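Only the coordinates and a few stated rules stand behind these numbers; no lab work does. Predicted model only: the values in this text are computed from it and were never measured. Reconstructed Cβ throughout: ideal geometry from the backbone, glycine too, with neighbour counts over all protein chains shown.
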Amino acid sequence: MVCLPGGVGEGDVGVGGVGEGTACSGEGGVGEGAACTGEGALGSGEGAFGAGEGAAGAGEARRILLSPPDVGRGERAALLAAFDSNWISTVGPAITRFEEQMAAKLGRPCVALSSGTAAIHLALRLAGVEAGDTVICQSFTFVATANPILYERAIPYFVDSEPRTWNLDADLVEEAIRRLERKGRRPRAVMAVHLYGVPAEIERIASVCARYEVPLIEDAAEALGARVSGRPVGVHGQAAAFSFNGNKIITTAGGGMLAVRNEAEAARVRKWSTQSREAVAHYEHTELGFNYRMSNLLAALGCAQLEGLEAKAERRRAIAERYREELGGPGTLAFQREPEQCRATHWLTCALVHAEGQAGDRRRECRDALIAHLARQGIESRRLWKPMHQQPLFRDAPRLGGTVSESLFAQGICLPSSSALTESEQGMVIDGIRGYFGQRSLDSLARFTRPAIPPRVPDRKKQPT
């Protein structure tokens, strides 16, 4: 059952307030035991601790969640050690250690911050973005990519994605720059996103930015551990932002990191993140600053999580590959592609609902019905990001293209992908999706063609994380 705006019952999907045991597929609050599959609510993105973490209500069977944190005894020990040291706040040895360990992974200086959004904000300031400037920004992304542009009272210029990786289209970036130049303007920065852990065609984008001498910022919030031509994402532009939100590949509960080109830039960012206090005996301030520093407690958690980054990323890759092998094919799901010379981390495994003979609103209805079907079985899923150019907040912003990202939003779905997901749990998700495509008696699915799907493979032993 697919519900329109208004009250919804047990197991329904709707937009607005929901009750116990329901699943929310749009904006709105959630009740006890609820699971959210839409934008802006529990588990849908930056600021939420885990993708639906803690969604199981009293008396409810264990839910299969989208991307809950994968933590264990090592993380607990690290937190307690930091607590016992009495280094609690935004100074302490764990912060320095976390920054150094991240720098070793990336080959660039890093600054630990309170969120990925804060990292994007300071990256924009580092690029010299000021009021009235234009920033070219990927439209198909979470709102935290674009909000900091407004923090600086600049103008976002939203550019569409290419259909291969669903990320920023390099050809359209160049066209946007040329259009601005014809008006006597030049973008102050370009913001590219590595969406859902799949790298953008970042080398092409970086080449365009270098040719026009425009700073490139990478939003790598969802892609820590991904690589392009053997190099980690986050080293192709002036700066790169990473997120350690509760639902990311590794977590500090809430936090972020900004990678920059040199120690001088790192020092500027670090100063800005601590209220721009001058290095004098008293509190002296000559420029605007922010309360953006990460705490020592969270940095200690980050150090412990970072030790398992490769294993966690490989587990998510294996999850994505199993989904693709068992569910991909005509008339079922078409999965996000991994570009050549790239190694994605698949923060979330994402696909498009490709029902044969269906298009437009019909595919949207089928996707929503699939989300509702899984929710009734205790499985959390959600829509892909709603493009920024379709958001009321940005209705007056300039844009170039939009049909690709609009189509992705209309038919895309995110599947449970945590590195803590067991083989048997993933099997339940796969069976749930197979069951959905096999229910030809439902009126809303009457025209579906039953897909040819290979037989289930035996459960494999859970990989170490």
Under 16 Å from a point 7 Å along the Cα-to-Cβ line of GLU263: which residues of the stretch 107-139 have their amide N that close?
-> 107-111
Footprinting proxy, PHE83, PHE244, PHE335: sorted fewest to most Cβ within 10 Å, the residues are PHE83, PHE335, PHE244
For the stretch 73-306, what relative contact order do you get, as a whole percent, if you take Cα pairs closer than 8 Å and at least 6 residues apart?
-> 28 percent
Sorted on mean Cβ neighbours within 10 Å (highest first), peptides 309-316, 279-286, 164-171 come out as 164-171, 309-316, 279-286
Extension gain from ARG362 to GLU321, taking 0.36 nm per residue of separation minus the Cα-Cα distance | 12.0 nm
ARG73 paired with ALA311, simple spin-label distance in nm, labels 7 Å along Cα-to-beta-carbon = 1.2 nm
Calculate the translational D of the stretch 73-306 in whole µm² s⁻¹ from Stokes-Einstein, where the hydrodynamic radius comes from the Kirkwood formula applied to all Cα pairs, the temperature is 25 °C and the viscosity 0.890 mPa s.
-> 136 µm²/s
ALA210 versus ARG376, label points 7 Å from Cα toward the beta carbon: distance in nm?
-> 5.5 nm
Figure the gain on full extension for GLU130 and LYS183 (residue separation times 0.36 nm, minus the Cα-Cα span) and round it to one decimal in nm.
-> 17.2 nm
Taking Rh as the Kirkwood radius computed over alpha-carbon pairs of the stretch 291-404 and applying Stokes-Einstein at 25 °C with viscosity 0.890 mPa s, one gets a diffusion coefficient in µm² s⁻¹ of 138 µm²/s
Note the full-extension length gain between LEU288 and GLU406 as 0.36 nm times their separation in residues minus their Cα-Cα distance, in nm to one decimal.
-> 38.7 nm
According to a simple spin-label model (label point 7 Å from Cα along Cα-to-Cβ), what is the distance in nm between THR96 and GLU203?
-> 3.8 nm
